[in-house]
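**Q** I have a structure I would like to understand better, so I am pasting it below and will then ask my questions one at a time.
The values are calculated or read from the model by the stated rules, or taken from the named source; none is laboratory data. Not measured: the values here are computed from a predicted model. Neighbour counts are summed over all protein chains in view; Cβ atoms, including those assigned to glycine, are modelled from backbone coordinates with ideal geometry. Remember, those area values only see protein heavy atoms, side chains included, never the ligands or the DNA or RNA. Shrake-Rupley method; radii C 1.70, N 1.55, O 1.52, S 1.80 Å.
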Amino acid sequence: MKRIQIMLYISCIVLIFSVISSCATQKQKQQDAIINYINKNFKNINKEKENCIFIISENGCTGCNKGLSKIACQFIDMNNIYFIINAKGTIVDISPYWEAKRQENISYDTTNYFNNNALNYSYAIFVKNNEVDTIIESTAEDFIEKSKYIEQRIIKNK
């Protein structure tokens with residue numbers, strides 16, 4: 001009986017560590033995908049400053065995607081703000097990105113690069129020194145708090 005309990009205990013520990021390891025691997029894959037895309041598509045990015053990269057998608061929560069796009073559009077012609085449009089414009093209005101003055105800060109993900117790299121939704125991503133600092137996924141649970149945080153962080157780094 002004692003041996004069975006020990007075996008169950010060890011099995012639980014192994015399962016917990018494998019789940020944690022899987023999450024860490026997934027997060028690293030996301031971060032690598034983001035940095036690779038930024039380095040390839042935004043030649044003018046100042047890697048020494050903090051930059052905010054918005055990924056605008058139409059997958060997931062419709063209201064969240066529209067809301068994050070609305071926040072992003074407030075900063076559309078600002079330095080150190082970049083946009084990756086992973087939307088077709090059928091759900092989220094992407095016309096403000098077409099009309100922006102800083103077209104070099106906007107990239108259109110026409111190959112579904114982010115969908116293929118575990119970044120399926122809309123995000124605000126803060127990058128410092130060519131490394132991902134913070135990934136904020138647009139979700140309904142705490143959208144208002146996240147929105148305020150994103151706006152405050154961008155304004156603070158002007």
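**Q** Please report the net charge: other residues with Cβ closer than 15 Å to the Cβ of Lys47, K and R +1, D and E -1.
**A** 0
**Q** Run the paramagnetic zone check for Lys43: 7 angstrom along Cα to Cβ, then residues of the range 103-124 with backbone nitrogen under 13 Å.
**A** Those under the cut-off are 104-105.
**Q** Pull up the DSSP beta bridges for the range 15-142 and report the antiparallel fraction as a percent, rounded to 5. If you can, show how the numbers build up before the last one.
**A** Details: 11 of 20 bridges.
Antiparallel bridges: around 55 percent, rounded to the nearest 5.
**Q** Dipole of the range 47-158, Cα-centred, from +1 at each Lys and Arg C-beta and -1 at each Asp and Glu C-beta, to the nearest 20 debye? Before the final figure, lay out each step's value.
**A** Details: 13 positive and 15 negative charges, 58 e Å.
Around 280 debye, computed over the range 47-158.
**Q** Here is a further query. Beyond 21 Å between alpha-carbons counts as too far, so tell me which of Lys49/Lys70; Lys40/Lys148; Lys40/Lys128; Lys29/Lys148 fall in that bin. Write down the numbers at each step before the final one.
**A** On the way: Lys49/Lys70 24 Å; Lys40/Lys148 30 Å; Lys40/Lys128 17 Å; Lys29/Lys148 27 Å.
In this structure, Lys49/Lys70; Lys40/Lys148; Lys29/Lys148 lie more than 21 Å apart at Cα.
**Q** Quick one: which of 102-108, 137-143, 25-31, 56-62 comes out on top by average Cβ neighbours within 10 Å, and what's the full order, highest first?
**A** Working: 102-108: 16.7, 137-143: 14.9, 25-31: 13.3, 56-62: 18.6.
Ranking the peptides 102-108, 137-143, 25-31, 56-62 by packing returns 56-62, 102-108, 137-143, 25-31.
**Q** On a 1.4 Å probe surface of the protein chains, which of Tyr97, Tyr113, Tyr149 comes out largest in accessible area, and what is the full order? Spell out each step's value before the answer.
**A** Details: Tyr97 0, Tyr113 60, Tyr149 100 Å².
Most to least solvent-accessible, the answer reads Tyr149, Tyr113, Tyr97.
**Q** To continue, here is another question. Given labels modelled 7 Å from the Cα in the Cβ direction, how far is it in nm from Ala140 to Asn117?
**A** About 2.9 nm separates the two model spin labels.
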